[in-house]
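The values are calculated or read from the model by the stated rules, or taken from the named source; none is laboratory data. The structure presented is a predicted model; accordingly, all values stated were derived computationally and were not measured. Cβ atoms come from the backbone with ideal geometry, glycine included; neighbour counts cover every protein chain shown.
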Amino acid sequence: MRTRIRFIINPISGVGKKGIIPGLIERYLDTERFDYDIVYTEYRKHAKELAYQSSVEKIDIVCAVGGDGSVHEVGTALIGTKTKLAIIPTGSGNGLARHLNIPLNIEKAIQNINAMHVMQMDTVLVNDKPFLNAGGYGFDALIAKKFDEGKKRGFFTYIKLVMREFFKYNPVNVSVDVNGQVKSMPVMLCTIANASEFGNGFCVSPKSDVTDGKIELFLLKPFRFWSLPLLAFQFFRRKTDQSKFAEIISFEKARISLSKSMAHYDGEPFDVRKELNVQVVPKSLHILAGKK
């Protein structure tokens, strides 16, 4: 029996690539094994609707073609279903794709689907909102909001936003309750990490594993501007667990209280309640990963 796969393409992500992707799918997908169709998103959260409908139709695989936002919409719609998530990353960060060793090259990402390296990954539930990769409540949430509001995309847009907003940002006060142990402090970053990085190689929690039944809380204490080069080195060289400014806590369930209600989940900005109940949902999403 042939495997049915649906490609959900975000026409905004990866400007200039939309027109070539259907031809690349036809060329590189193993069409002797797969029957496929292609649909395009037309508005925000449309990918989530399309993915959910695909699971109702019992489509075997739904492939998100886009950036972290597209992966978030498609993936969260497939949590708890038998439909598998595949990714062709065409966005700015591609955090989950990088963590799972999914090729960033479109042709190789399609060939990776042919290989069918299926795994069951954990997801995260915060109050009533699920996410796949990472959620943040500090400076990263502000940057996600500003990035979403802007018209320009790409890594250097992130860098410009960080440099512009850093000096104006006031740390968020957090209180974390893990297994009855309470920790309170002001932080620049308060990140829940299921996978290891935000994207672009920016690693917050180098030991995070999406199959271990645990998630990590990354807390970055306030620091002076002149410490930024060292911190940047530690983030991009996967050494944040060695930073004197950072603390990483592994857990299955936690309660977090915040002084600000701004958040991002998988890079998508959200307004949230200031009291959060966080838990891992083990092995709740079938996903096609890359080779280790």
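Return a yes/no flag: does segment 136-157 have any residue that is among the charged types (D, E, K, R), exposed (fewer than 14 other Cβ atoms within 10 Å of the Cβ) and touching a residue at least 40 places away in the same chain (Cβ under 8 Å). Yes, that holds for at least one residue.
Just so you know, in segment 224-239 the residues that are in a loop (DSSP other than H, G, I, E, B) and modelled with pLDDT of 90 or more include one that is surrounded by the most Cβ atoms within 10 Å (Cβ to Cβ), and it is R238.
Counted as qualifying within segment 249-292 are the strands (runs of 3 or more DSSP E) with 3 or more residues that are of a type outside the set (D, E) and farther than 21 Å from G69 by Cβ, namely 253-258, 275-288.
When restricted to residues that are over 20 Å from H117 (Cα atoms) and touching a residue at least 12 places away in the same chain (Cβ under 8 Å), segment 28-45 contains 6. For segment 37-52, name all the residues that are of a type outside the set (D, E, K, R) and in a strand (DSSP E or B). Selection gives I38, V39, Y40.
In the set (1) closer than 20 Å to V124 by Cβ; (2) buried (at least 16 other Cβ atoms within 10 Å of the Cβ); (3) under 19 Å from the mean Cα position of the chain (by Cα), the condition left unmet by V174 is number (3).
Could you tell me whether any residue of segment 185-200 is assigned by TED's automatic domain parsing to the domain that holds K244, under 21 Å from S250 (Cα atoms) and surrounded by fewer than 18 Cβ atoms within 10 Å (Cβ to Cβ)? Checked segment 185-200: at least one residue is assigned by TED's automatic domain parsing to the domain that holds K244, under 21 Å from S250 (Cα atoms) and surrounded by fewer than 18 Cβ atoms within 10 Å (Cβ to Cβ).
Annotation note: of D148, D212, the sole residue that is assigned to a loop (DSSP other than H, G, I, E, B), under 19 Å from the mean Cα position of the chain (by Cα) and either closer than 30 Å to L78 by Cβ or in the same structural domain as T240 (by TED's automatic domain parsing) (or both) is D212.
Can G80 be described as in contact with a strand residue (DSSP E or B) (Cβ under 8 Å, 6 or more places away or on another chain), at positive phi and among the small types (G, A, S)? Taking the combined requirement at face value, the residue satisfies it. Candidates in segment 96-120 are the residues that are of a type in the set (A, V, I, L, M, F, W, C) and assigned to a helix (DSSP H, G or I); of these, the one that is surrounded by the most Cβ atoms within 10 Å (Cβ to Cβ) is L96.
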